[in-house]
Amino acid sequence: MRIIDLRSDTVTKPTPAMRRAMAEAEVGDDVYSEDPTVHRLEALAAEMLGLEAGLFMPSGTMTNQVALMLHLQRGQEVIAPKGAHIYEYEPGSLSVLAGGVIRLVEAPYGVPDPEAVRSAIHTSPHQAPTGLIALENTHNSAGGTVVPLEAGRAIQQVAEEAGLPTHLDGARLFNAATALGVAPAELAKGFRTVSICLSKGLGAPVGSVLLMPKDYRAEAWRYRKMLGGGMRQAGVLAAAGILALTEGPKGLARDHQMARALAEGLLRMHVEVDLNSVQTNMVYAHVPRAADFVERLRQAGVLANAMGSRVRFVTHRDLADEDIPAALERIESALHVV
Ligand SMILES: Cc1ncc(COP(=O)(O)O)c(CN[C@H](C(=O)O)[C@H](C)O)c1O
């Protein structure tokens with residue numbers, strides 16, 4: 001039986017073209033800044049996102065954490081939307097590495113109200129001083145929801161008035177750009193630092209890029225080295241990353257269509273899904289005893305993740321057209337197993 005893997009878009013495997021590019025990549029020691037393919041990837045990412053410099057890293061957790069280390073002094077606070085990945089799934093790194101604390105603000109569908117952000121900014125000497133405002137686009141635990149341009153701009157305005165920098169966790173920024181029909185650079189505009197993942201829907205096997213002002217790069221490089229992220233002949237990975245940027249976005253609309261079809265199929269089975277939150281390649285379903293249900297799904301040949309009281313399904317490029325209808329059949333059977 002074909003296993004249908006809906007756990008995450010991180011499960012995407014490199015395409016044959018990526019494997020060829022990896023095998024043929026021109027490489028050098030990137031710790032000595034001598035890998036030409038890494039340089040090409042970083043320059044391409046910076047150009048596509050409209051920021052001055054990029055730094056290639058092994059993961060999105062590392063690009064986020066290096067950004068937090070760049071922005072925060074010890075004891076400072078970052079304001080972020082409730083459910084932010086930097087809080088939920090980067091195991092306390094913010095406190096250990098940047099020495100910071102986090103203040104989560106309500107964020108319906110991943111979009112905080114600008115006034116809620118403004119009122120969360122600390123000014124009293126008795127409180128942790130606010131050092132950064134972070135957003136996440138798309139917002140994973142809100143459902144893979146997008147932060148529209150005007151909403152992002154409004155929050156950047158609040159940050160600017162308070163003299164604060166902003167960071168964008170853009171692990172799935174290209175999904176947001178596809179859903180909104182805008183260029184990724186439009187969504188990145190105005191943020192001091194932007195993290196993008198090559199290894200999710202864009203399909204690269206490994207890696208993320210942190211985009212930033214060029215005068216930040218030396219310090220970011222040092223933090224990456226401090227975390228053990230200095231890589232040697234990383235051009236083998238960067239070659240796939242270049243194809244992820246140039247070819248990956250083309251397939252994202254299909255991922256979103258598959259997620260929509262999955263959500264509508266679940267609703268037909270009376271599974272609780274908020275269709276308004278299905279905006280890109282994720283579907284969160286409220287199913288009683290989510291972990292048990294995910295186990296029954298595994299036995300039926302569908303892989304998904306239990307995220308608290310919800311089950312998350314993520315569509316991606318490696319799914320075949322027939323996988324969503326097949327998954328729905330298996331999900332229905334798993335629903336009726338007592
Ligand atoms: C918004 C966001 N920002 C950062 C990251 C971290 O990227 P990696 O460290 O996994 O490369 C993720 C990964 N998300 C993973 C997934 O969705 O399967 C898990 C939850 O960590 C993310 O969703």
Q.
Show me the helices (runs of 4 or more DSSP H) entirely contained within the range 1-90 in which 3 or more residues are surrounded by fewer than 21 Cβ atoms within 10 Å (Cβ to Cβ) and at pLDDT 95 or above.
A. 16-24, 36-49, 85-88
Q) Here are ALA116, ALA128, ALA142: which of them is more than 16 Å from the ligand (Cβ to nearest atom) and assigned to a loop (DSSP other than H, G, I, E, B)? A) ALA128
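Within the range 95-113, can you find the residues that are within 16 Å of the ligand (Cβ to nearest atom) and either surrounded by 15 or more Cβ atoms within 10 Å (Cβ to Cβ) or within 20 Å of ALA179 (Cβ to Cβ) (or both)? Working first, answer last.
Just the residues of the range 95-113 that are within 16 Å of the ligand (Cβ to nearest atom), to begin with: 96-98, 102, 104, 107, 109-112.
Passing the criteria: LEU97, ALA98, ILE102, LEU104, ALA107, TYR109, GLY110, VAL111, PRO112.
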Q: Search the range 277-306 for residues that are at positive phi and pair each with any residue that is part of a strand (DSSP E or B) when their beta-carbon atoms are under 8 Å apart and the residues are at least 6 apart or on different chains.
A: GLY301/ILE4
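The values are calculated or read from the model by the stated rules, or taken from the named source; none is laboratory data. These figures come from a predicted structure and were not determined experimentally. Cβ: placed from backbone, ideal geometry, glycine included. Neighbour counts: every protein chain shown.
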